[in-house]
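Report on the following structure.
The values are calculated or read from the model by the stated rules, or taken from the named source; none is laboratory data. All figures in this text were calculated on a predicted structure; none of them were measured in a lab. With ideal geometry, Cβ positions are generated from the backbone for all residues, glycine too; neighbour counts draw on all protein chains shown.
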Amino acid sequence: MSDARPDRVLVTRQAILDVIRAAALGSYGVTGFAPSGLRSAVLARLGLAEAGIRLSRLPRLEVDLDLEIAAGLPVAEVGRQVESAVRYAVRRAVGRDLDRLTIHVRGLRVDRAPRPTARAARGEEGSGRPGGHPERT
């Protein structure tokens with residue numbers, strides 16, 4: 001016999017983690033989650049833990065996030081956006097407010113776009129003809 005009552009909804013730990021992950025990754029400036037240490041990295045790699053998310057449900061609903069954000073963005077503003085999005089998503093999905101949410105920015109991700117070559121800087125690439133001279137019509 002189950003201990004569930006008709007007026008009670010049970011939400012799995014994985015469901016809460018999925019809600020938190022989606023809300024955080026959907027926030028502007030968040031590029032991913034970062035493991036908080038070697039143990040966290042190994043457990044995440046083995047599929048035994050969620051990298052960058054720690055959740056405690058009993059007796060209080062507490063979340064710690066370890067994030068990577070895009071370089072060049074205001075870190076505090078990204079943090080406020082993540083906090084608002086995660087709190088709203090959890091409240092909406094679970095029907096319960098978070099008792100504590102801690103956000104750690106573990107790194108900044110720099111988009112390493114390819115550097116222009118010397119030919120591109122001189123405007124010689126992409127002209128359509130070998131040697132970089134535009135076609136004459």
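Observations on the model:
- Residue within region 98-114 that is more than 19 Å from the chain's Cα centre (by Cα) and modelled with pLDDT under 95 present: yes
- Filter result for S56 (among the polar types (S, T, N, Q) and surrounded by 15 or more Cβ atoms within 10 Å (Cβ to Cβ)): no
- Residue in region 28-37 that is at pLDDT 95 or above, part of a loop (DSSP other than H, G, I, E, B), surrounded by 18 or more Cβ atoms within 10 Å (Cβ to Cβ) and not polar (S, T, N, Q) present: yes
- When restricted to residues that are within 21 Å of V110 (Cα to Cα) and free of Cβ contacts under 8 Å to residues at least 12 places away in the same chain, region 7-36 contains 1.
- Across region 70-100, the qualifying residues are those that are free of Cβ contacts under 8 Å to residues at least 60 places away in the same chain, farther than 19 Å from Q14 by Cβ and touching a helix residue (DSSP H, G or I) at 6+ places or on another chain (Cβ under 7 Å), and the one among them that is surrounded by the most Cβ atoms within 10 Å (Cβ to Cβ) is V82.
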